Every structure is written in structure tokens, then in C-alpha cells.
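Colleague: Quick one: structure below, then a few questions.
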Amino acid sequence: MNDEIKKWKTQSVKHKVAMLLIMDGISFSYNEEDGIVFTAPGFYVERMKERLVNCYGCSLKPIITEY
């Protein structure tokens, strides 16, 4: 399992991504160029994408890329 902590960024559904990060206690920052920037293991990010589609009403998986 990929448990190495990496830096991630996203411009997709920022309000829902921010809400989920806050609920999970993960700190993040925001800037206009990169969007939301946070650190987390790869497995968390994959699970986060699934949660956003299945539980929080995103019609497509958000695009979250490594920073």
C-alpha cells in the first residue's frame, strides 16, 4: 500500500474537497494558481475521490494531482 506522504493539489470541486479535508483534520492551503494544496498518503487521496463521488454528490471523480 502506498503510505508515503506526498503533496497534492486540486482545482476540482474546491468547496467539497475543503469540507472533507476539514472534517478529516487535514490542514491545507489555497492559492489561485494551484487551488487547494495539502499533504496526505496516496491511499487517502484515492479513497477521498471515491468518497466525494459516492457520499458528497460529485458527478465525476475530482482531479487531484501530485504537486
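Colleague: Name the residue that is nearest to Glu66 (Cα to Cα), counting only residues in region 5-18 that are over 10 Å from the mean Cα position of the chain (by Cα) and free of Cβ contacts under 8 Å to residues at least 40 places away in the same chain.
Modeller: So, considering only residues that are over 10 Å from the mean Cα position of the chain (by Cα) and free of Cβ contacts under 8 Å to residues at least 40 places away in the same chain, the one nearest to Glu66 (Cα to Cα) is Ile5.
Colleague: Then there's this: Hey, among Ser29, Ser59, which residue is among the polar types (S, T, N, Q) and part of a loop (DSSP other than H, G, I, E, B)? So that I can check it myself, show each step before the final result.
Modeller: Numbers: Ser29 fails: part of a loop (DSSP other than H, G, I, E, B).
Selected residue: Ser59, the only one of Ser29, Ser59 that is among the polar types (S, T, N, Q) and part of a loop (DSSP other than H, G, I, E, B).
Colleague: Taking Arg51 as the residue in question, decide whether it is open to solvent by 70 Å² or more (accessible area, probe 1.4 Å), not in a strand (DSSP E or B) and not β-branched (Val, Ile, Thr). Even if it seems obvious, please write down each step before you answer.
Modeller: Details: open to solvent by 70 Å² or more (accessible area, probe 1.4 Å): no; not in a strand (DSSP E or B): yes; not β-branched (Val, Ile, Thr): yes.
So Arg51 does not fit the description; no.
Colleague: List pairs: first residue in region 50-67 and touching a residue at least 60 places away in the same chain (Cβ under 8 Å), second residue open to solvent by 90 Å² or more (accessible area, probe 1.4 Å) anywhere in the structure, Cβ distance under 8 angstrom, at least six positions apart or on different chains.
Modeller: Glu66/Lys7; Tyr67/Lys7
Colleague: Output the number of the condition that Tyr30 fails; it satisfies all remaining conditions of (1) touching a strand residue (DSSP E or B) at 6+ places or on another chain (Cβ under 6 Å); (2) among the aromatic types (Phe, Trp, Tyr); (3) closer than 20 Å to Asp3 by Cα.
Modeller: (3)
Colleague: In region 24-43, how many are free of Cβ contacts under 8 Å to residues at least 12 places away in the same chain and surrounded by 15 or more Cβ atoms within 10 Å (Cβ to Cβ)?
Modeller: Qualifying residue count for the region: 1.
The values are calculated or read from the model by the stated rules, or taken from the named source; none is laboratory data. Here the structure is a predicted model, which means the values were calculated and not measured. Cβ sites come from the backbone with ideal geometry, for glycine too, and all protein chains shown count toward neighbours. Heavy atoms of the whole protein, side chains included, go into the accessibility calculation; ligands, DNA and RNA do not. Shrake-Rupley method; radii C 1.70, N 1.55, O 1.52, S 1.80 Å.
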